[in-house]
1. Say we look at the range 204-216 and pick out the residues that are more than 18 Å from residue 46 (Cβ to Cβ) and either among the polar types (S, T, N, Q) or open to solvent by 10 Å² or more (accessible area, probe 1.4 Å) (or both); which of these is farthest from the ligand (Cβ to nearest atom)?
2. Just checking, which of 333, 270 is charged (D, E, K, R) and either at pLDDT below 95 or more than 23 Å from the chain's Cα centre (by Cα) (or both)?
3. Does residue 219 qualify as being assigned to a loop (DSSP other than H, G, I, E, B), open to solvent by less than 30 Å² (accessible area, probe 1.4 Å), in contact (Cβ under 8 Å) with a residue 40 or more places away in the chain and closer than 20 Å to residue 20 by Cα?
4. Restricting to the range 302-327, name every residue that is open to solvent by less than 50 Å² (accessible area, probe 1.4 Å), part of a helix (DSSP H, G or I) and over 21 Å from residue 197 (Cβ atoms).
5. Only residues that are more than 17 Å from residue 318 (Cβ to Cβ) and either in contact with a Cys (Cβ under 9 Å, 6 or more places away or on another chain) or in a helix (DSSP H, G or I) (or both): list them for the range 145-167, please.
6. Tell me the residue from 199, 195 that is within 13 Å of the ligand (Cβ to nearest atom), closer than 19 Å to residue 130 by Cα and either open to solvent by less than 20 Å² (accessible area, probe 1.4 Å) or of a type in the set (D, E, K, R) (or both), please.
7. What's the number of the condition residue 115 fails, among (1) free of Cβ contacts under 8 Å to residues at least 60 places away in the same chain; (2) of a type in the set (Gly, Ala, Ser); (3) exposed (fewer than 15 other Cβ atoms within 10 Å of the Cβ)?
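The values are calculated or read from the model by the stated rules, or taken from the named source; none is laboratory data. A quick note: this is a predicted structure, and the numbers were derived from the prediction, not measured. All Cβ positions, even for glycine, are placed from backbone atoms using ideal geometry, and neighbour counts span all protein chains on display. In case anyone asks, the SASA skips ligands and DNA or RNA and just uses the protein heavy atoms, side chains included. Shrake-Rupley method; radii C 1.70, N 1.55, O 1.52, S 1.80 Å.
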Amino acid sequence: MSSRADDVVPVDEAERDAWEAGLLRDAADLGDGLWGIPVAIPEGTLPGTLAYALVGDDGVHLVDPGWDTAANLGRIERAVRVAGRSLPDIATVVVTHHHPDHLGLAERVRTLTGARIVMSAAERRVLAAAVDPAARDPESYRATLARWGVPDGRHDELLASFTRPSLTGDVEPDLLVGDGDVLELAGRRLEVIATPGHTGGHICLADRDARLLFTGDHVLPRIYSGVGIGVLAGDEPMGDLLASLDRLAEFDDFTVLPGHEFRFTGLAARRARIAAHHLRRAGEVAALAAELGDRSVWAYASRLTWTSGWHGLDGFWLHSALRQTEMHLGLVRSGRAAAWLSRG
Ligand SMILES: [Zn+2]
């Protein structure tokens, strides 16, 4: 299969093919003490997460261990054994963000091994907000629906989808990091790159010597990951995401190790494509703003184009559409949209 110049290039076509077939491969030796460990997601639409292990004289260090299941722990244990170590050698678990398919196993690994958990300070605040019972209070969501201008007759279906319990448990990290911090692990220097957008405190990790970039869910080769899935009040996640895509420009010739799908090169093209994907919607909202001005999120959403049609949206999907509209309106109203939209 030939690839276009504007396309990503898989590092290993078998890895891509396995993902597309929904198969989890065995852990793979990626060289120089780096291991790729596919782990499963037991619910949802994606087959799995890509965990990584860095093996060195100072122990084994995991990046995003995956969903908290016994089977995934077994996968990690086997991979560590194949690498010539054992579970107690795990010294560090670094997470790119707090979602259960990335952070999930961290607490269980810490309990078993004494490993320290590393998270960004910003993501720690996002996690605290996500597990706060107040965040699940229907009254706070009713206030959101009122702010969005949702007609009363649509509140019940939205409340029903909202009150599902959080899948993320609270985790107290041992080490908080921020943009520019360097983690020295397995003889590598991993630089923390703050990339808010997918969540408010998402980080990437750059190994400048080996020209590797761990991107979590910030940049995936084919999937457009969600935006603003865990933020703090006052955040403007769409603009943050676009800025975080720009932020990675200095790593455009690095090999990308994402949290799902497959490793790839061609980061510049992928960054551009993800930005264009979101800016199409932002452009639509910006064009409506001349007519709708400060009208409600509902008023805007009802005028945008939706795959299943505006009238086909209900429950969680209606919530998702309204939230997406709110974020794009936030981008446009912040004044940040103009700079990106004018790039063409
Ligand atoms: Zn994920």
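1. Filtering the range 204-216 for residues that are more than 18 Å from residue 46 (Cβ to Cβ) and either among the polar types (S, T, N, Q) or open to solvent by 10 Å² or more (accessible area, probe 1.4 Å) (or both), the one farthest from the ligand (Cβ to nearest atom) comes out as 209.
2. Unique residue meeting the criteria: 333.
3. Taking the combined requirement at face value, the residue satisfies it.
4. Residues of the range 302-327 open to solvent by less than 50 Å² (accessible area, probe 1.4 Å): 302, 304, 306, 309-310, 312-313, 315, 318-322, 325-327.
Cutting the leftovers down to part of a helix (DSSP H, G or I) gives us 310, 312, 315, 318-322, 325-327.
Selection gives 310, 312, 315, 318.
5. Of the residues in the range 145-167, the ones more than 17 Å from residue 318 (Cβ to Cβ) are 165-167.
Those that are more than 17 Å from residue 318 (Cβ to Cβ) and either in contact with a Cys (Cβ under 9 Å, 6 or more places away or on another chain) or in a helix (DSSP H, G or I) (or both): none in the range 145-167.
6. 199
7. With (1) free of Cβ contacts under 8 Å to residues at least 60 places away in the same chain; (2) of a type in the set (Gly, Ala, Ser); (3) exposed (fewer than 15 other Cβ atoms within 10 Å of the Cβ) applied to residue 115, the lone miss is (3).
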